[in-house]
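**Q** After the structure tokens below, expect a handful of questions from me.
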There are 2 protein chains.
Amino acid sequence: MTDGPASSAPRLDVERLRRDFPILAQTVRGRKLVFLDSGASAQKPRQVIEAMVRCMEERYANVHRGAYFLSEAATEAYEAARGAVARFLNAADPREVVFTRNSTEAINLVAHAWGRGVMRPGQAVLVSEMEHHANLVPWQMLRDDGRGIALRVCRVTDDGELDLEDLAAKLADGKVGLVAVTHMSNVLGTVTPAERIVAMAHAAGAKVLLDGSQAAVHRRVDVQAIGADFYCFTGHKLYGPTGIGVLWARLEHLDRMPPFLGGGDMIASVTLERSEWAPPPAKFEAGTPAIVEAVGLHAAVDYVTALGWPAIEAHERALVDRAMRRLSGIEGLRLLGRAQDRGGVFSFALDNAHPHDLSTLLDRAGIAVRAGRHCAEPLHARFGLEGGTCRASFGLYTTEEEVDFLAEALVKAREFFG
Amino acid sequence: MTDGPASSAPRLDVERLRRDFPILAQTVRGRKLVFLDSGASAQKPRQVIEAMVRCMEERYANVHRGAYFLSEAATEAYEAARGAVARFLNAADPREVVFTRNSTEAINLVAHAWGRGVMRPGQAVLVSEMEHHANLVPWQMLRDDGRGIALRVCRVTDDGELDLEDLAAKLADGKVGLVAVTHMSNVLGTVTPAERIVAMAHAAGAKVLLDGSQAAVHRRVDVQAIGADFYCFTGHKLYGPTGIGVLWARLEHLDRMPPFLGGGDMIASVTLERSEWAPPPAKFEAGTPAIVEAVGLHAAVDYVTALGWPAIEAHERALVDRAMRRLSGIEGLRLLGRAQDRGGVFSFALDNAHPHDLSTLLDRAGIAVRAGRHCAEPLHARFGLEGGTCRASFGLYTTEEEVDFLAEALVKAREFFG
């Protein structure tokens, strides 16, 4: 569907890669499954599932702790996953990769260890109106913790883009210690200008955390090129396992930060009186980590990398172009956001239809979309849609036929709801 | 090996259940694998692995968020896991079960939400000398957080039991707000008298957290009979997945506690100005949970329950009796602890042998034991073994022949190290 120069770009063989995802062969209520909720969580290819099974059947033991064969093999696999994630993000050093449960925990880790451990009274955290609750609530909790840290909110334009003038204005007094914004909105699909945000923030003396939960799935991320201070994403949205996420941070920041959770593995020595911390990343990984999930995430990262970002991005552009064309022509359908740079996430409201009723109707046609406020209530309020929206989000395995199928189902739904 | 009344008790068919664990069929360095490190992490039966695979291949989507078939099915499976864990612990209500990453996170959750959110300046936390670092370091961090919370440490006797006189003495002034002790030592195998500890603590006005990481694997746990306030365990030691643990707490406590991590799913409503929390357990489960791992934990709990506690406990007693007999007869081998009530965990030091060298030698014979201080440095210091010990820990699949094999290998090792 791309034309011009894009047609010479590498293409995904979507029909072929779909065969890697066992769940996609399913029928739902007698209909072929059209899974358009990858933005909430993606399906898993057999390569990920098999890597986890192999780990549990052949190479499992606790890590970092045993001087015996299986433990050494498990430790090697766990640390190899860290190395793979470091390469995936183009991190300067694998020690900059901390495994967490999910993006939410990664952001909470920064809110505790950087926000409470390094920031000073009088400083502020600057978020945006389009944050997922995961990148808003931890900062509200920090603000309310009696440490004198304020919370500022950058506006979003009517087109659903970050208002860079407002960003500049809110950075101007030099009191912002940390800018914490999404790299891609989970509601609008807007991809934010990460490098520009970082440049503006650094010029104003602020560090930058980017929530890459959506972006890392849709775009090649290079943390060094972006110049960010903190970056996080989650395994389960990247075709990997649940129970594992990633916080990347510059080593110098991890060195400065006190630990967040206390326990085994994060210490260098412990007496009853006091403990000494291990160096990063161990300092931030207390207790037995998600070993099998790290191995699965490694397989997911390998899977995506082997497909190649040019092909993935071209596929996504084709889907986004088709969705914009097909959905924007439907009368009574309101699409949220029209950012210049956007990924495969579309939220919409249909006249006279409650989003839950609409999603239930679509489900009967085998189409899985999400209904609600997508963990972004303030953004829905910003657009006057307190009642919520439906959201269709695309993955590697999404086809142009599925986009058409959604559009046709929405046309029928419009007739149904009148 | 049990005699008298025990012989009429139900018995585990260990040879048969071993076939459920694919990894046990392995050879290591050409030798049959003798896995004696289940206390660090247990191997997984195919029932657990298959449940996880089925979830990812047939019923996967994010939970609590979608009004479509797959999401409803995944939500049902996730909440069914909570129900199964509630029954496993005999909790009064499934809402008392909070899923965490592991025991470590469960304890940190209590240290933050109860320790910082409910306890008052001037109060103390009382731990014991035999705590795993996971149940010591979070309380040191609370003590050092400038909130006026002190940390007291209950002594352990030379036999490796909790010194109940010392416990009484340290509770006497009524200033202890929380007693946080292990239900079974991961080094000594000592099972602590949970009901008595709870009675003493409650009489002194203190709440009780029991670290059941080891105990929940070796004994039937009934949180209502024990009368505890908080209880935690971890999936991966209970033949379940990594990446999931459990905090059980009385609902009235969870209601009083502020949230720990902020993000999606733990809120009732969010505006830019403020958020309202969801009721427990959602309040403590921010972000996408370990969905597949919860399903795997459900299978693990079902697996253990189907074998039956009387049979599991009888098997364990037989192994412990045999190990006591065989190991205590080896000259130059020092066994740590001789508690009356103990489970299948044995730590030992061999004259003239560094524990790492000993475990490496055992590994060459195919025997996996752990060497080090087992995340319990203060306890090793207490027994004058700062250099560490080796530890053999038993699981469902451990055989009496394996205990013999360990004893024989230790006799040979003694000759080797001289």
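The values are calculated or read from the model by the stated rules, or taken from the named source; none is laboratory data. Everything numeric here is computed off the predicted structure, so don't read it as measured data. Cβ sites come from the backbone with ideal geometry, for glycine too, and all protein chains shown count toward neighbours. Side chains are part of the model used for accessible areas, which takes the heavy atoms of the whole protein and leaves out ligands, DNA and RNA. Shrake-Rupley method; radii C 1.70, N 1.55, O 1.52, S 1.80 Å.
**Q** Return the residues of segment B:289-306 that are under 30 Å from B:ASP341 (Cβ atoms) and surrounded by 18 or more Cβ atoms within 10 Å (Cβ to Cβ); say none if nothing qualifies.
**A** If the condition is that a residue be under 30 Å from B:ASP341 (Cβ atoms) and surrounded by 18 or more Cβ atoms within 10 Å (Cβ to Cβ), then B:LEU297, B:HIS298, B:ALA299, B:ALA300, B:VAL301, B:TYR303, B:VAL304 are the ones that fit.
**Q** Go through (1) buried (at least 16 other Cβ atoms within 10 Å of the Cβ); (2) over 20 Å from the mean Cα position of the chain (by Cα) and name the single condition B:SER347 misses.
**A** (2)
**Q** Same structure, new question: Inspect segment A:104-121 for any residue being under 30 Å from B:GLY146 (Cα atoms) and among the hydroxyl-bearing types (Ser, Thr, Tyr) and give the result as yes or no.
**A** Yes: one or more hits.
**Q** Contact list please: Cβ distance under 9 Å, first residue in segment B:106-119 and under 16 Å from A:MET141 (Cα atoms), second residue among the aliphatic types (A, V, I, L, M) and part of a helix (DSSP H, G or I), pairs at least six apart or on different chains.
**A** Every condition considered, the pairs that remain are B:HIS112/B:LEU142; B:ALA113/B:LEU254; B:ARG116/B:LEU142.
**Q** Something else: Quick test for you: out of B:GLU72, B:GLU105, pick the one residue that is open to solvent by 10 Å² or more (accessible area, probe 1.4 Å), assigned to a helix (DSSP H, G or I), within 14 Å of another protein chain (Cβ to nearest Cβ) and among the charged types (D, E, K, R).
**A** B:GLU72
**Q** Which of the strands (runs of 3 or more DSSP E) found entirely inside segment A:315-377 contain at least 3 residues meeting this: within 14 Å of another protein chain (Cβ to nearest Cβ)?
**A** Because the criterion is at least 3 residues that are within 14 Å of another protein chain (Cβ to nearest Cβ), the strands (runs of 3 or more DSSP E) in segment A:315-377 that meet it are A:370-372.
**Q** May I pose another question? Looking at B:LEU164, B:LEU142, B:LEU151, B:LEU126 in this structure, which one is in contact (Cβ under 8 Å) with a residue 40 or more places away in the chain and of a type in the set (A, V, I, L, M, F, W, C)?
**A** Exactly one of B:LEU164, B:LEU142, B:LEU151, B:LEU126 is in contact (Cβ under 8 Å) with a residue 40 or more places away in the chain and of a type in the set (A, V, I, L, M, F, W, C), namely B:LEU126.
**Q** Give me the pairs, please: first residue somewhere in segment A:42-69 and within 7 Å of another protein chain (Cβ to nearest Cβ), second residue anywhere and assigned to a helix (DSSP H, G or I) and among the acidic types (Asp, Glu), beta-carbon distance under 7 Å, and either six or more positions apart or on two chains.
**A** Between residues of segment A:42-69 that are within 7 Å of another protein chain (Cβ to nearest Cβ) and residues that are assigned to a helix (DSSP H, G or I) and among the acidic types (Asp, Glu), the close pairs are A:ILE49/B:GLU57; A:ALA67/B:ASP363; A:TYR68/B:ASP363; A:PHE69/B:ASP363.
**Q** Separate question: Could you please give the count of residues in segment A:37-69 that are assigned to a helix (DSSP H, G or I) and within 29 Å of the chain's Cα centre (by Cα)?
**A** Counting residues in segment A:37-69 that are assigned to a helix (DSSP H, G or I) and within 29 Å of the chain's Cα centre (by Cα) gives 11.
**Q** When B:ASP265 is evaluated against the numbered criteria (1) over 30 Å from B:PRO45 (Cα atoms); (2) outside any loop (DSSP other than H, G, I, E, B), which criterion, by number, is the only one it fails?
**A** (2)
**Q** Also, quick follow-up: Does A:ALA278 satisfy the condition of being touching a strand residue (DSSP E or B) at 6+ places or on another chain (Cβ under 6 Å) and farther than 25 Å from A:VAL48 by Cβ?
**A** So A:ALA278 fits the description; yes.
**Q** How many residues, within segment A:246-263, are of a type in the set (Phe, Trp, Tyr) and either at the interface with another protein chain (Cβ under 7 Å from one of its Cβ atoms) or under 30 Å from B:MET130 (Cα atoms) (or both)?
**A** Number satisfying all stated conditions: 1.
**Q** Continuing with this model, one more query. Here are some residues: B:ARG82, B:ARG16. Which one is modelled with pLDDT of 95 or more, outside the structural domain of B:ASN135 (by TED's automatic domain parsing) and part of a helix (DSSP H, G or I)?
**A** B:ARG16
**Q** Residues being among the polar types (S, T, N, Q) and more than 24 Å from A:SER38 (Cβ to Cβ): count how many of those fall in segment B:61-104.
**A** Here the count works out to 5.
**Q** Restricting to segment B:122-146, name every residue that is open to solvent by 10 Å² or more (accessible area, probe 1.4 Å), touching a Lys or Arg at 6+ places or on another chain (Cβ under 9 Å) and more than 18 Å from A:ARG116 (Cβ to Cβ).
**A** Listed by number, the residues that qualify are B:GLY122, B:GLN123, B:GLU129.
**Q** Please go through (1) in contact with a Ser or Thr (Cβ under 6 Å, 6 or more places away or on another chain); (2) assigned by TED's automatic domain parsing to the domain that holds B:GLY189; (3) not acidic (Asp, Glu) for B:GLY39 and return the number of the only condition it doesn't satisfy.
**A** With respect to (1) in contact with a Ser or Thr (Cβ under 6 Å, 6 or more places away or on another chain); (2) assigned by TED's automatic domain parsing to the domain that holds B:GLY189; (3) not acidic (Asp, Glu), B:GLY39 is out only on (2).
**Q** Here's a follow-up. Hey, can you tell me all the residues within segment A:373-395 that are under 12 Å from A:LEU336 (Cβ atoms) and of a type in the set (Ser, Thr, Tyr)?
**A** A:THR389
**Q** Looking at segment B:218-243, which of its residues are part of a helix (DSSP H, G or I) and either farther than 20 Å from B:GLU96 by Cα or small (Gly, Ala, Ser) (or both)?
**A** B:HIS218, B:ALA225, B:GLY235, B:HIS236, B:LYS237 - these are the residues of segment B:218-243 that are part of a helix (DSSP H, G or I) and either farther than 20 Å from B:GLU96 by Cα or small (Gly, Ala, Ser) (or both).
**Q** Please enumerate the residues belonging to segment B:11-39 that are exposed (fewer than 14 other Cβ atoms within 10 Å of the Cβ), touching a residue at least 60 places away in the same chain (Cβ under 8 Å) and over 22 Å from B:LEU362 (Cα atoms).
**A** B:GLU15
**Q** Okay, moving on. Can you tell me which condition B:ASP166 does not meet? The list is (1) over 20 Å from B:GLY337 (Cα atoms); (2) touching a Cys at 6+ places or on another chain (Cβ under 7 Å), and all the others hold.
**A** Here B:ASP166 meets the rest and fails (1).
**Q** Here is a further query. Look through segment B:110-129, keep the residues that are in a helix (DSSP H, G or I) and in contact with a Leu (Cβ under 6 Å, 6 or more places away or on another chain), and return whichever of them is nearest to the other protein chains (Cβ to nearest Cβ).
**A** Top of the filtered list is B:ALA111.
Conditions (1) at pLDDT below 95; (2) open to solvent by 10 Å² or more (accessible area, probe 1.4 Å); (3) within 14 Å of chain B (Cβ to nearest Cβ), marked per residue:
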{"residue": "A:TYR239", "(1), (2), (3)": "no, no, yes"}
{"residue": "A:ASP265", "(1), (2), (3)": "yes, yes, yes"}
{"residue": "A:PRO279", "(1), (2), (3)": "no, yes, no"}
{"residue": "A:GLY287", "(1), (2), (3)": "no, no, yes"}
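**Q** Tell me, please, whether a residue that is buried (at least 19 other Cβ atoms within 10 Å of the Cβ) and at the interface with chain B (Cβ under 9 Å from one of its Cβ atoms) can be found in segment A:76-97.
**A** No, segment A:76-97 contains no residue that is buried (at least 19 other Cβ atoms within 10 Å of the Cβ) and at the interface with chain B (Cβ under 9 Å from one of its Cβ atoms).
**Q** Tell me the residue from A:GLU273, A:GLU293, A:GLU285 that is closer than 22 Å to A:ALA111 by Cβ and among the charged types (D, E, K, R), please.
**A** Going through A:GLU273, A:GLU293, A:GLU285 in turn, the sole match is A:GLU285.
**Q** Pick out the one residue from B:ALA168, B:ALA150, B:ALA134 that is more than 14 Å from chain A (Cβ to nearest Cβ), at negative phi and of a type in the set (A, V, I, L, M, F, W, C).
**A** None of the others qualify; the one that does is B:ALA168.
**Q** If we keep just the residues of segment B:355-405 that are in contact with a Pro (Cβ under 7 Å, 6 or more places away or on another chain) and among the hydrophobic types (A, V, I, L, M, F, W, C), which is surrounded by the most Cβ atoms within 10 Å (Cβ to Cβ)?
**A** Only one residue fits best here, namely B:CYS390.
**Q** Kindly provide the set of residues from segment A:301-328 that are over 23 Å from the mean Cα position of the chain (by Cα) and either in contact (Cβ under 8 Å) with a residue 12 or more places away in the chain or at positive phi (or both), ordered by number.
**A** Residues satisfying the conditions are A:ARG322, A:ARG326, A:LEU327.
**Q** Determine which single condition A:ILE197 fails, assuming it passes every other condition in (1) under 19 Å from A:VAL156 (Cβ atoms); (2) open to solvent by 10 Å² or more (accessible area, probe 1.4 Å); (3) away from chain B (no Cβ under 14 Å).
**A** For A:ILE197, the exception is condition (2).
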